[in-house]
Amino acid sequence: MPDSTFVPSRPATCSPGRASRELGLKRADFELAVHLGRIRTVPDDSGGGGRRVERAEIDRLRAEPGFPDTLYERVHVVGTAEGAALMDISAGRFTRLARLGLLVPVRFYVNRYRAVVWLYLAEDLRHFAAQSVNSRLLKGRAPETLRGQLAAGVDLRARNWRGRHLGFLLRKADDPWARAGALAALLPLVDVHDVVRDPYERAHLNRFRPAPPDQGAPGSPSALLAEELMTAQDADEIGWLRSELRRAAEEARAHTAAPRQTEPAARPAPRHHRPVRPATAHGENTRRIGSTASAGDPWAVRSPAEPHAAPTAPPTVPGDRRGPTATRAARGLRVWLRRRTPRPARV
């Protein structure tokens, strides 16, 4: 192969942490800017599954007039009190508008009292207050239909946040299975199992199922509350998500089939870790115990003799011409056993 092989150059990229520092944003604001499409990201070529920011994108944002204030204003979020002051209304009216779904939260967090604090995009609130059609909602008495919904306990903040968060997830998904996983992330598991019946497809789908927003250690009350807010509650919302998941699963199935579990490889036969000594001429494996084992014999087993174990007599081999030696050994063994066995007491 010649040395002049052409290798296409890749654009320079940086990690999200470095990009947020160079753009003067907090990590949460940077992630929100990515979700909103204010900052474009590209897949990580290293195969880690994350996203990176091209150097050209950072240079483009830094070259905008009014940087970094203009970028910060696009991702600035406010709570109820600050949002009400921004719209020049009371906090109670602001909460009622949010419960009716007219103000859509973009983020939330759980405070130390385990209460959900909704955050809203300041840019959205300014846009809502600037429209003349909404002036009757900011001043005066609310319409009768809206007051009836509030009296019935309507609260669409969590549902509207889920819809907006689903848009973030679908915008980031670049694979049909990833889009199906984004829809499955908002459904209860029983509904996911009902729509996707194949266990192999469900296992493959779970690889692309996004986790709820980080709100503490797994299993903590804050994490459980975030998982509850992430899951659809209303029947019509669940029905719409089920139909969308069914359609997305069909598209993903036509694009790439879910991998199937392969047959397990045959387990190799167990190997002996301790070599077996070849049999002697008499067909028995012998071993030397205690001090009778030689130092250079690898087959010898050196172990301390048991204090109360009866000595074993040597095997009797037909044709053994040891003569009186074997007889004396057997007689000595019987005498020794007789001394060890207590005789019953006579009454």
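Observations, loosely collected:
- Anisotropy class of segment 27-96 from Cα gyration tensor, a/c 1.5 cut: oblate
- If the chain linking Arg114 and Lys139 were pulled fully straight, counting 0.36 nm for each residue of separation and taking away their Cα-Cα distance, it would gain 5.7 nm.
- Relative contact order (%) - segment 60-189, alpha-carbon pairs under 8 angstrom, separation at least six: 25
- From the C-alpha gyration tensor of segment 140-226, square roots of 5λ in Å: 32, 16, 14
- For Ala98, net neighbour charge (Lys/Arg +1, Asp/Glu -1) across residues whose Cβ lies under 14 Å away: +4
- Pairwise FRET efficiency - Arg55 versus Leu102, Cβ, R0 = 45 Å, nearest 0.05: 0.65
- Of the solvent-accessible surface of segment 1-141, computed with a 1.4 Å probe and all protein chains present, 52% belongs to carbon and sulfur.
- Debye intensity ratio in log₁₀ form over the Cα atoms of segment 189-266, taken at each q of 0.12, 0.27, 0.28 Å⁻¹: -0.47, -1.27, -1.30
- Estimated FRET transfer efficiency when R0 is 25 angstrom, pair Arg40-Asp124 (beta carbons, to 0.05): 0.75
- Farthest toward the positive end of the dipole of segment 1-158, out of Leu86, Ser15, Thr145, is the Cα of Thr145, where the dipole comes from beta carbon charges about the Cα centre.
- Averaging the sequence gap over all C-alpha pairs within less than 8 Å and six or more residues apart, then dividing by the number of residues, gives segment 16-99 a relative contact order of 23 percent.
- The alpha-carbon atoms of segment 18-59, seen along their principal axes, cover 27, 19, 16 angstrom, with the largest extent given first.
- Segment 60-207 - convex hull of alpha carbons, volume per residue in Å³: 189
- Accessible solvent surface per residue of segment 141-248, calculated while the other protein chains remain in place, 1.4 angstrom probe, Å²: 52
- For Phe30, the accessible surface of its heavy atoms amounts to roughly 10 Å² (probe 1.4 Å, protein chains only, rounded to the nearest 10).
- In this calculation the C-beta distance from Ala203 to Ala152 is compared with R0 = 51 Å, giving a FRET efficiency of 0.80.
- Area of Glu244 that stays accessible when all protein chains are in place (1.4 Å probe, Å², to 10): 40
- Here segment 62-119 yields Rg over Rh of 1.08, to two decimals, using C-alpha coordinates and the Kirkwood radius.
The values are calculated or read from the model by the stated rules, or taken from the named source; none is laboratory data. A quick note: this is a predicted structure, and the numbers were derived from the prediction, not measured. Positions of Cβ are backbone-derived with ideal geometry, glycine not excepted, and every protein chain shown enters the neighbour counts. With ligands, DNA and RNA removed, areas are computed over all heavy atoms of the protein, side chains included. Shrake-Rupley method; radii C 1.70, N 1.55, O 1.52, S 1.80 Å.
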